[in-house]
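Report on one structure; see the data block that follows.
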Amino acid sequence: MRKPLIAGNWKMHKTLAEARELVNSIRDGLRDDAHVDVLICPPFQLLAPMAKAVEGSRIMLGAQNAHEASHGAFTGEVSVPMLADAGCTHVIIGHSERRHIFGETGSLLAKKVRAVIGGGLEVVYCIGETLEQREAGRTQAVVEQQITEVIGKDIAPDRLTVAYEPVWAIGTGRNATPEQAQEVHALVRSKLAAMYDRAAADSIRILYGGSVKPNNAEALLAQPDVDGALVGGACLVAADFLAIIAAAGSVVTAAR
Ligand code: PGA
């Protein structure tokens, strides 16, 4: 059985003082539940202090983006070796805001994914269709393309997590139904099985993201191919993030 991962994408939120308060509350409220992995992804300026703040806990640290080169004249960018140096173990690549607001393309994301893995970190690779694409019946084609243009057999499956985040569900309060999520997750897994093999596909975690909240987390996480959540808005409130982690714990307990 895949261990669920609950990841918080802080996006462009929190000063240092606010971050300390949030992370301390998460630490204090985290039950001794070893059945769920927990990852926080604060903005760049908080990574080093948050690495200190999570020391000795089981909270892992990730970044929200990385440049594809290791160093160089790239004003305003941050590289994978720098993220590793700051204490990160994970990097989110291809978030829909990076694709749609900052114009990141499949060929760029393919380089970024390889930079993350080459730098010894794990990647959380985001995919998902827009509302127009869903309504045009193109969900399957879109997510398959997002996988094949970026992921390949050279990507070690044990370094890869996929996050399915329908764009229409991100920050809208309109989550995919558990059935909608399961349908796409199963499709993603079969695509991964075709690319690697069944055992590898069964080992890769596929997270759902898009308006995950305490009141819908358990039903989403109970789906057989939903292996965790990438949480935006709700991860900025300790009680909500903890409730989502607890929901993942209940799903694991119920399945035993
Ligand atoms: P949301 O964001 O939970 O606020 O919808 C999810 C995400 O963008 O990862």
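Assorted remarks:
- Complete set of residues in the range 149-177 that are under 21 Å from residue 227 (Cβ atoms) and part of a helix (DSSP H, G or I): 157, 158, 159, 167, 169
- Scan of the range 176-200 for residues that are in contact (Cβ under 8 Å) with a residue 60 or more places away in the chain and in contact with a Leu (Cβ under 7 Å, 6 or more places away or on another chain), ordered by number: none
- Test: residue in the range 195-205 that is touching a strand residue (DSSP E or B) at 6+ places or on another chain (Cβ under 8 Å) and assigned to a helix (DSSP H, G or I): no
- Evaluation of residue 33 against (1) part of a loop (DSSP other than H, G, I, E, B); (2) of a type in the set (D, E, K, R); (3) over 21 Å from residue 235 (Cα atoms) (one fails), failing number: (3)
- When each of 83, 108 is tested for being part of a helix (DSSP H, G or I), in contact with a strand residue (DSSP E or B) (Cβ under 9 Å, 6 or more places away or on another chain), surrounded by 15 or more Cβ atoms within 10 Å (Cβ to Cβ) and at pLDDT 95 or above, the lone residue that passes is 83.
- Out of 180, 145, one residue alone is farther than 15 Å from residue 203 by Cα and either within 15 Å of the ligand (Cβ to nearest atom) or in contact with a helix residue (DSSP H, G or I) (Cβ under 6 Å, 6 or more places away or on another chain) (or both). It is 180.
- Selected residue (criterion: nearest to the chain's Cα centre (by Cα)) from residues of the range 197-256 that are more than 26 Å from residue 43 (Cα to Cα) and among the basic types (Lys, Arg): 198
- Among (1) assigned to a helix (DSSP H, G or I); (2) within 16 Å of the ligand (Cβ to nearest atom); (3) surrounded by fewer than 18 Cβ atoms within 10 Å (Cβ to Cβ); (4) among the hydrophobic types (A, V, I, L, M, F, W, C), the one test that residue 12 misses: (1)
- Annotation note: Cβ proximity below 9 Å between a residue of the range 70-99 that is touching a residue at least 60 places away in the same chain (Cβ under 8 Å) and within 16 Å of the ligand (Cβ to nearest atom) and a residue that is basic (Lys, Arg) and outside any helix (DSSP H, G or I) (sequence gap 6+ or interchain) occurs for 95/11; 97/11.
- Residue match in the range 4-16 (condition: among the β-branched types (Val, Ile, Thr) and closer than 20 Å to residue 160 by Cα): yes
The values are calculated or read from the model by the stated rules, or taken from the named source; none is laboratory data. Please read all numbers here as calculations on a predicted model, not as lab measurements. Positions of Cβ are backbone-derived with ideal geometry, glycine not excepted, and every protein chain shown enters the neighbour counts.
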